[in-house]
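S.K.: Questions regarding the structure given below will be posed in turn.
The values are calculated or read from the model by the stated rules, or taken from the named source; none is laboratory data. For clarity, every value in this text was computed on a predicted model and none was experimentally measured. A quick note on method: Cβ atoms are made from the backbone with ideal geometry, for glycine too, and the neighbour counts reach across all protein chains shown. Note: areas computed on protein heavy atoms with side chains; ligands, DNA, RNA excluded. Shrake-Rupley method; radii C 1.70, N 1.55, O 1.52, S 1.80 Å.
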Amino acid sequence: MTVISINRRRFLQVGAAGIAVAATGRRASAAGTLPKQIRFFGNPADYGQPFTTGILGIAHSGGFLAKEFEKDDVELTFTYPAGSGPAINEAIANGQVDFARYGGFPHITGKSRGLPTKLLASVGIGHSYLVVRNGLDVKTVADLKGLRAAIGRGTAPHLAFIRVLEQHGLKESDVELFDLEGGDEIGAIASGAVDIGWGGAGFLKLAEDGNAKLIYTSKGQVSPANNFGGFSVTEDFAAKYPETTQRVVNAYLKAAQFAAQPENFAAVLSLYEKAGENRAALERDLAGVALGEELTPVIDDYFLSQFQGGIDFAKENKLIRSDVDLKSWVDRSFIDKGIAELGLQKTWPNRKADGSVSA
């Protein structure tokens, strides 16, 4: 009989919420030597919640990873620190992480500082909403000059926000940036403490409830302003446990395949609710969205172009001091093998560098 125990814990003194899933039962593993523990880190969906969203969130709360290792004497831990990408980079630097799912910008800044990671898969793309507080005579992004924005510095939304500004003739220095995170950003807009908010479904709900005004969204666009990110492994873990790394990637692919099936849309929303997301806001946010296209794990030309574009942007704007060699950073061997083993070659679109789908 399999027993699963779940415990909360704190990491990095940033209010991290963690889960330890310990599966009992032993067997001779055909996958080679197993580690005693596999440690996953990811972006939080809501402050203090023990689950998250996206493919890793589905793989965790949907039980895909637990099922993969249920017959092994290995502990799976999941931590979603309040500090998001920068906190995950700190945890990697401190040797606390094996696998991580987080945004492209902090991934890039971490790699530029020498973090020993390998990019294994995409997290897909994410759209965002730009809102302003009520009472402002603001109609477009170009009207934001001189206003105050609430956004976490060094995060994927930070980079996306800068690129939205540039698309509309502004630069980051044209606004005053306040470094806030998660629910604090939404509260700051609702209270009028800041003028601009940028993020996911929570900001859409804020506008629809009449507590802010929506002026822009990247939804439905193939845009540099779309959030992007990666699922990565530390070089040490992949070298020591290549078979286990493959099993993790396969479970990640199974979770993405589950999300890609239209009949599972409601089930995905239920899993997201476990991460603290509002069901009604999710339904409005994801209306008309094909999760098989948004939550794609594949490393295609669009994924590579998003990361390379992020690297180039960070260099041009002196956000990183050292170059990042994307070619040596990406390791496609695990995902390519997993897709072949699971017969998933036709599950997700193969996108060109500009985001259009290859024939």
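S.K.: Among (1) at pLDDT 95 or above; (2) under 16 Å from Asp312 (Cα atoms), there is one condition Leu159 misses while meeting the rest; what is its number?
M.R.: Failed condition: (1).
S.K.: Which of the residues belonging to the stretch 55-84 are at positive phi and modelled with pLDDT of 95 or more? Spell out how you get there, then give the answer.
M.R.: Within the stretch 55-84, the first condition is being at positive phi, and the residues that meet it are 63, 84.
Gly63, the sole residue that qualifies.
S.K.: While we're here: Can you spot a residue in the stretch 292-309 that is assigned to a helix (DSSP H, G or I), open to solvent by 60 Å² or more (accessible area, probe 1.4 Å), over 27 Å from Thr244 (Cβ atoms) and out of contact with any Leu (no Cβ under 8 Å at 6 or more places or on another chain)? Give the steps one after another, and end with the answer.
M.R.: Initial filter on the stretch 292-309 (assigned to a helix (DSSP H, G or I)): 292-294, 301-309.
Subset that is open to solvent by 60 Å² or more (accessible area, probe 1.4 Å): 293, 301, 308.
Subsequent filtering for residues that are over 27 Å from Thr244 (Cβ atoms) retains 293, 301, 308.
Subset that is out of contact with any Leu (no Cβ under 8 Å at 6 or more places or on another chain): 293, 301.
Yes - at least one qualifying residue is present in the stretch 292-309.
S.K.: Here is a further query. Which residues, counting only those in the stretch 313-344, are surrounded by fewer than 12 Cβ atoms within 10 Å (Cβ to Cβ) and closer than 18 Å to Gly292 by Cβ?
M.R.: Answer for the stretch 313-344, where residues must be surrounded by fewer than 12 Cβ atoms within 10 Å (Cβ to Cβ) and closer than 18 Å to Gly292 by Cβ: just Gly343.
S.K.: Any idea which residue in the stretch 301-338 is nearest to Ser232 (Cα to Cα), counting only those that are touching a residue at least 24 places away in the same chain (Cβ under 8 Å) and more than 21 Å from the chain's Cα centre (by Cα)?
M.R.: Here the residue is Lys337.
S.K.: Scanning the stretch 122-137 for residues that are in a loop (DSSP other than H, G, I, E, B) and small (Gly, Ala, Ser), which turns out least open to solvent (accessible area, probe 1.4 Å)?
M.R.: Of the stretch 122-137, the ones in a loop (DSSP other than H, G, I, E, B) are 127-128, 133-137.
Next, only the ones that are small (Gly, Ala, Ser) stay: 128, 135.
Working: Ser128: 2, Gly135: 84 Å².
Residue satisfying both the conditions and the ranking: Ser128.
S.K.: Suppose the filter is free of Cβ contacts under 8 Å to residues at least 24 places away in the same chain and either among the charged types (D, E, K, R) or touching a Pro at 6+ places or on another chain (Cβ under 8 Å) (or both); does Asp137 pass it?
M.R.: yes
S.K.: Something else about it: At pLDDT 50 or above, surrounded by fewer than 17 Cβ atoms within 10 Å (Cβ to Cβ), of a type in the set (S, T, N, Q) and outside any strand (DSSP E or B): is that true of Thr33 in this structure? Talk me through it step by step, then tell me what you get.
M.R.: On the way: at pLDDT 50 or above: yes; surrounded by fewer than 17 Cβ atoms within 10 Å (Cβ to Cβ): yes; of a type in the set (S, T, N, Q): yes; outside any strand (DSSP E or B): yes.
It is true that Thr33 is at pLDDT 50 or above, surrounded by fewer than 17 Cβ atoms within 10 Å (Cβ to Cβ), of a type in the set (S, T, N, Q) and outside any strand (DSSP E or B).
S.K.: Got at least one residue in the stretch 345-358 being under 20 Å from Asn43 (Cβ atoms), in a loop (DSSP other than H, G, I, E, B), of a type outside the set (A, V, I, L, M) and open to solvent by less than 80 Å² (accessible area, probe 1.4 Å)? Break it down stepwise before answering.
M.R.: Here is the first cut: in the stretch 345-358, the ones under 20 Å from Asn43 (Cβ atoms) are none.
Checked against the condition, which is being under 20 Å from Asn43 (Cβ atoms), in a loop (DSSP other than H, G, I, E, B), of a type outside the set (A, V, I, L, M) and open to solvent by less than 80 Å² (accessible area, probe 1.4 Å), the stretch 345-358 yields no hits at all.
S.K.: Taking the residues in the stretch 87-108 that are surrounded by fewer than 24 Cβ atoms within 10 Å (Cβ to Cβ) and polar (S, T, N, Q) as candidates, determine which candidate is nearest to Lys315 (Cα to Cα).
M.R.: Looking at residues that are surrounded by fewer than 24 Cβ atoms within 10 Å (Cβ to Cβ) and polar (S, T, N, Q), I get Asn94.
S.K.: Ok, one more. State whether one or more residues within the stretch 300-317 are of a type in the set (A, V, I, L, M, F, W, C) and at pLDDT below 90.
M.R.: Filtering the stretch 300-317 down to residues of a type in the set (A, V, I, L, M, F, W, C) leaves 303-304, 307, 311, 313-314.
Now narrow it down to the ones that are at pLDDT below 90: 313-314.
Scanning the stretch 300-317 turns up at least one residue that is of a type in the set (A, V, I, L, M, F, W, C) and at pLDDT below 90.
S.K.: Residue pairs, Cβ under 6 Å, 6 or more apart or interchain, first in the stretch 175-197 and aliphatic (A, V, I, L, M), second open to solvent by less than 50 Å² (accessible area, probe 1.4 Å) and in a strand (DSSP E or B). List them.
M.R.: The qualifying pairs are Val175/Ala149; Leu177/Ala149; Leu180/Ala150; Ala188/Ala150; Ile189/Gly197; Val194/Ala150; Ile196/Val132; Ile196/Ala149.
S.K.: Starting from the stretch 278-300, take each residue that is free of Cβ contacts under 8 Å to residues at least 12 places away in the same chain and list its partners that are small (Gly, Ala, Ser) and open to solvent by 30 Å² or more (accessible area, probe 1.4 Å), counting only C-beta distances under 9 angstrom and pairs at least six apart or across chains.
M.R.: As it stands, the answer is Arg279/Ser270, since those pairs meet every condition given.
S.K.: Same structure again: Scan the stretch 60-84 for residues that are among the hydroxyl-bearing types (Ser, Thr, Tyr) and open to solvent by 10 Å² or more (accessible area, probe 1.4 Å) and report the count.
M.R.: Going residue by residue through the stretch 60-84, those that are among the hydroxyl-bearing types (Ser, Thr, Tyr) are 61, 77, 79-80, 84.
Going one step further and asking which of them are open to solvent by 10 Å² or more (accessible area, probe 1.4 Å), we end up with 61, 84.
Count: 2.
S.K.: Please determine whether any residue of the stretch 273-283 is modelled with pLDDT of 95 or more, open to solvent by 20 Å² or more (accessible area, probe 1.4 Å) and part of a loop (DSSP other than H, G, I, E, B).
M.R.: At the first step, the residues of the stretch 273-283 found to be modelled with pLDDT of 95 or more are none.
For the stretch 273-283, residues modelled with pLDDT of 95 or more, open to solvent by 20 Å² or more (accessible area, probe 1.4 Å) and part of a loop (DSSP other than H, G, I, E, B): absent.
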